[in-house]
Amino acid sequence: MQDEQIIALYFERDETAIKETEHKYGGYCMSIAQNILHNVHDSQECVNDTYMRMWKSIPPYKPECLRAFIGKITRRLALNMYEKASAQKRGKGTVQLVLDELDECIPDNNGDFTQGFAITDALNSFLASLSEQNRNIFVRRYWYMSTIKDIASDYSISESKVKMRLMRMRNELRVQLEEEGINI
């Protein structure tokens, strides 16, 4: 079923919309949740919460890209679940390592929406300037929170090469943000 048809089902308040969303995007959502939570039960709960959030959001909101919309919801819910689960733990998992890596080059906007929009624009510009493979590696690491090992395996390159590329891209991003007047 096409995304437009699924969205139309949500607007009609037809519960088939959830089944169709699960059929088309269930694996995608589970992958996002698993990369963050590393727990099948928690990931399934997160994906189910995603469907509930979709049901509550559409309508009134009509997403332009259903895949991006559902991915963003799943990621946000998984990060919230991860934060709650790890609040008592001190060890660093993949998610915390990824967030620490990004702290080096992307400032916290502390609720400043103007700076948040500037960072978003700069990040989109930066991603557009990368080669397709580097852009995919960057997104895999910092959006989907994939491990270095998984990225290296999927692109048939060494883990050290992935780490080096990510470090160079973070440095380039930091420089670009500074040139645009965004303080880190």
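Results, tabulated for the structure shown:
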| item | result |
| --- | --- |
| Distant-in-sequence amide H partners of Ile157 (H built 1.01 Å from N, under 5 Å) | none |
| Angle between the chain longest axis and helix 40-57 axis [Cα atoms, degrees, rounded to 10] | 70 degrees |
| Cβ charges +1 (Lys, Arg) and -1 (Asp, Glu), total dipole of the chain, debye | 520 debye |
| Label point 7 Å beyond Cα of Glu45 along Cβ direction - residues of segment 62-86 with amide nitrogen under 11 Å | 81-82, 84-85 |
| Fewest-first ranking of Met52, Met81, using other Cβ atoms within 10 Å as the exposure measure | Met52, Met81 |
| GluC sites (Glu not before Pro) within segment 1-36: DSSP coil, no more than 11 neighbouring Cβ in 10 Å | Glu12, Glu15 |
| Per-selection metrics, segment 94-179 (Cα): Rg and Dmax in Å | 13.1, 40 |
| Extension gain (nm, one decimal) between Asp154 and Val175, 0.36 nm per residue minus Cα-Cα | 4.7 nm |
| Built amide H within the under 5 Å cut-off of Trp143, gap 5+ | none |
| Out-of-range pairs (alpha-carbon distance over 32 Å; input Lys56/Lys149; Lys24/Lys84; Lys19/Lys163; Lys62/Lys161; Lys62/Lys149; Lys24/Lys149) | Lys56/Lys149; Lys19/Lys163; Lys62/Lys161; Lys62/Lys149 |
| Listed values (i) 9, 40, 41, 9, 0; (ii) 9, 33, 31, 17, 9, 1; (iii) 9, 30, 34, 23, 4, 0, entry calculated as P(r) over Cα pairs in 10 Å bins from 0, in percent | (iii) |
| Per-residue Cβ neighbour rank within 10 angstrom, fewest leading, Ser146, Ser153, Ser160 | Ser160, Ser153, Ser146 |
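Where a number appears in this text, it was derived from the coordinates with a stated rule and is not lab data. Not measured: the values here are computed from a predicted model. Please note: Cβ atoms are built from the backbone with ideal geometry, for glycine as well, and neighbour counts cover all protein chains shown.
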